[in-house]
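Undergrad: Below you'll find the structure I mean.
The values are calculated or read from the model by the stated rules, or taken from the named source; none is laboratory data. Quick caveat: nothing in here was measured; it's all calculated off a predicted structure. Note that we place each Cβ from the backbone using ideal geometry, even for glycine, and neighbour counts take in every protein chain shown.
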């Protein structure tokens, strides 16, 4: 459709608004002191290579930049982060996860060797409520062992998902059962991911784990919400929700709405996420309400951290929204990687 199909002249058109939006990106030559890994692990193809840029005219560079914006949001196969259905066994919610290896399209025509849950990156979104009893049947169909760690959840030690420390690894062909109660006081934005080696998470074995409060009035109200899972590695380099710009999806809102954004960093680098045009009010850190909410326009999210922020959609328009380590988001020939837009319409 292209961004022209989302935004009219002097106005913002209606865009479909999924419950959670996911973004994906690819790095340019990157220098990032927060990473101890070589950039070869994160390198992917920006709009043009350094050699191409050296021989291009300014007009040619501008044309490539414009083409990338006009292609947004570019269609790709696969959409991760959708709600995971469950069945009931008495008073227990039963979820099924399958870890597998597959090809994942992060840009039109560009695929990466992925490892993920239920065939998507990020894995399905798990959403439960304080006081629930939950069971996860995790089956490993990969060619290597794995496990699942429930990042941010308070639970029995033998359910924590660390091989040889709290459980045996889940070997290829095996199924492991995790079962625990969702404790009161543990509401907020959490994650689930592999805990077997350093590459399984960045290759896609990750997902959002949202715990709703038993009393909704205990947390600030909002009109709609989005989840942004940040990652860096083989899936498109720098990514948001498993896709790379221009294949990322926009966040949309009506003027006056309060929009909750859940940030989750599953990568190995720090990513400062910057929203143009409007401030964000940070209300929670790692799932826990902060004693004093604070206002900012850039949130610096370290690996493993989660933040919840509310944006009051006061300014009509199409606003850039990106990682502000610019080599994660833009080159001389255009935007790529950790970039999306926040669209506010009348």
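Undergrad: Between 97, 165, which is outside the structural domain of residue 245 (by TED's automatic domain parsing) and surrounded by fewer than 17 Cβ atoms within 10 Å (Cβ to Cβ)?
TA: From the options 97, 165, the qualifying one is 165.
Undergrad: Right, here's the next one. Go through the range 145-161 and give me each residue that's surrounded by 15 or more Cβ atoms within 10 Å (Cβ to Cβ) and more than 23 Å from the chain's Cα centre (by Cα).
TA: If the condition is that a residue be surrounded by 15 or more Cβ atoms within 10 Å (Cβ to Cβ) and more than 23 Å from the chain's Cα centre (by Cα), then 145, 155, 159 are the ones that fit.
Undergrad: So residue 158 fits all but one of (1) part of a loop (DSSP other than H, G, I, E, B); (2) modelled with pLDDT of 95 or more; what number is the exception?
TA: Result: residue 158 fails condition (1) only.
Undergrad: Right, another one. Could you check the range 256-277 and list, in sequence order, the residues that are more than 25 Å from residue 70 (Cβ to Cβ) and either modelled with pLDDT under 95 or not in a strand (DSSP E or B) (or both)?
TA: 256, 257, 266, 267, 268, 269, 270
Undergrad: Something else: Which one is nearest to the chain's Cα centre (by Cα) among residues in the range 173-200 that are on the phi > 0 side of the Ramachandran plot and surrounded by fewer than 21 Cβ atoms within 10 Å (Cβ to Cβ)?
TA: 197
Undergrad: Of the residues 311, 290, 316, 341, which single one is surrounded by 22 or more Cβ atoms within 10 Å (Cβ to Cβ), more than 25 Å from residue 60 (Cα to Cα) and touching a strand residue (DSSP E or B) at 6+ places or on another chain (Cβ under 8 Å)?
TA: Going through 311, 290, 316, 341 in turn, the sole match is 311.
Undergrad: Among (1) under 20 Å from the mean Cα position of the chain (by Cα); (2) more than 23 Å from residue 211 (Cβ to Cβ); (3) assigned to a loop (DSSP other than H, G, I, E, B); (4) not assigned by TED's automatic domain parsing to the domain that holds residue 226, which single condition is residue 112 missing?
TA: (3)
Undergrad: What are the residues in the range 146-178 that are touching a helix residue (DSSP H, G or I) at 6+ places or on another chain (Cβ under 7 Å) and over 15 Å from residue 117 (Cβ atoms), if any?
TA: 166, 167
Undergrad: Additional query: Can you pull out the residues in the range 69-109 that are without any contact (Cβ under 8 Å) to a residue 12 or more places away in the chain and in a strand (DSSP E or B)?
TA: Scanning the range 69-109 gives 87, 88, 103.
Undergrad: Select, from 203, 214, the only residue that is part of a loop (DSSP other than H, G, I, E, B), within 16 Å of the chain's Cα centre (by Cα) and either touching a residue at least 60 places away in the same chain (Cβ under 8 Å) or at negative phi (or both).
TA: 203
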